[in-house]
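A.B. asks: One structure, pasted below without further comment.
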Amino acid sequence: MQLNNRTYSFLLLIILLGFFVLKIPDLHLPYFWDELGVYSRSSLYLAANGPGVMPANLPTELSRGHPLLFPFLFGWGYKIFGGSVLTGHLMALTISVFLLASLYYMASKAVSPLVGILTVVLLISQPVFYAQATLVLPYIMLAIFCLWALYAFYRKRLLWFALFACAAMMTK
């Protein structure tokens, strides 16, 4: 049975909404481990003291040598939407949903929409992705930049490849 692209898009929307709803209870959990010790603290510091991507914008005890793109973007999110745990986890969940949508887009272009849907379902069902989808950690954002860099390289868009590869290096 062959479905049209609109049906696959609707199915993707249902899957993403279902994933979002399943993750709602996790949005109010306190920060844990590295998100508490490094990433949320550095993002909140940048929100309070002016976001920036230069090493001088963040004390070394907060940055611990990590690149600053992730805290910079989350710092802007905290500055705009408030510095609550809900804000941080909601931004992380939004990034996770964007990764899923990107994965569907690339797989449906490269192979077929059915493969795109199956790829999204397989990633959602991975415990490590499901657990980290709402955590204020840079790994999902890093996956997005690496995925888009590989896709741009595959499509021979070298300027876009360079941009996404640099963003990946600035993330982790």
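The values are calculated or read from the model by the stated rules, or taken from the named source; none is laboratory data. Bear in mind the structure is a predicted one, so any value in this text is a computation, not a measurement. Please note: Cβ atoms are built from the backbone with ideal geometry, for glycine as well, and neighbour counts cover all protein chains shown. Side chains included, ligands, DNA and RNA excluded: accessible areas come from the protein's heavy atoms. Shrake-Rupley method; radii C 1.70, N 1.55, O 1.52, S 1.80 Å.
A.B. asks: Can you give me the number of residues within the range 146-159 that are farther than 17 Å from LEU99 by Cα and not aliphatic (A, V, I, L, M)?
C.D. replies: Result for the range 146-159: 5.
A.B. asks: In the range 133-160, which residues are open to solvent by 70 Å² or more (accessible area, probe 1.4 Å) and in a helix (DSSP H, G or I)?
C.D. replies: So the first thing to find is which residues in the range 133-160 are open to solvent by 70 Å² or more (accessible area, probe 1.4 Å), and the list is 139, 150, 153-160.
Answer for the range 133-160, where residues must be open to solvent by 70 Å² or more (accessible area, probe 1.4 Å) and in a helix (DSSP H, G or I): TYR139, LEU150, PHE153, TYR154, LEU158, LEU159, TRP160.
A.B. asks: Sticking with this structure for a sec: Out of everything in the range 109-130 that is of a type in the set (Gly, Ala, Ser) and open to solvent by 30 Å² or more (accessible area, probe 1.4 Å), what residue ends up being farthest from THR7 (Cα to Cα)?
C.D. replies: SER125
A.B. asks: Quick check on my filter: what residues within the range 40-68 are open to solvent by less than 30 Å² (accessible area, probe 1.4 Å) and either closer than 13 Å to THR171 by Cα or among the hydroxyl-bearing types (Ser, Thr, Tyr) (or both)?
C.D. replies: Listed by number, the residues that qualify are SER40, SER42, SER43, SER63, LEU68.
A.B. asks: Here is a follow-up. I'd like the residue in the range 161-172 that is touching a residue at least 40 places away in the same chain (Cβ under 8 Å) and of a type in the set (A, V, I, L, M) and, out of all such residues, is most open to solvent (accessible area, probe 1.4 Å). First the steps, then the outcome.
C.D. replies: The initial filter retains those residues of the range 161-172 that are touching a residue at least 40 places away in the same chain (Cβ under 8 Å), namely 167, 169-172.
From the residues that got through so far, the ones that are of a type in the set (A, V, I, L, M) too are 167, 169-170.
On the way: ALA167: 19, MET169: 125, MET170: 81 Å².
The extreme case among them is MET169.
A.B. asks: Here is a follow-up. May I ask you to say which residue of TYR78, TYR105 is free of Cβ contacts under 8 Å to residues at least 60 places away in the same chain and open to solvent by less than 90 Å² (accessible area, probe 1.4 Å)?
C.D. replies: TYR78
A.B. asks: In the range 81-95, which residues are farther than 18 Å from MET169 by Cα and without any contact (Cβ under 8 Å) to a residue 60 or more places away in the chain?
C.D. replies: Hits for the range 81-95 are PHE81, GLY82, GLY83, SER84, VAL85, LEU86, THR87, GLY88, MET91, ALA92, THR94.
A.B. asks: Search the range 129-142 for residues that are over 13 Å from PHE98 (Cα atoms) and touching a residue at least 12 places away in the same chain (Cβ under 8 Å) and pair each with any residue that is part of a helix (DSSP H, G or I) and among the acidic types (Asp, Glu) when their beta-carbon atoms are under 7 Å apart and the residues are at least 6 apart or on different chains.
C.D. replies: Short answer, once both residue conditions are applied: LEU135/GLU35; VAL136/GLU35; LEU137/ASP34; LEU137/GLU35.
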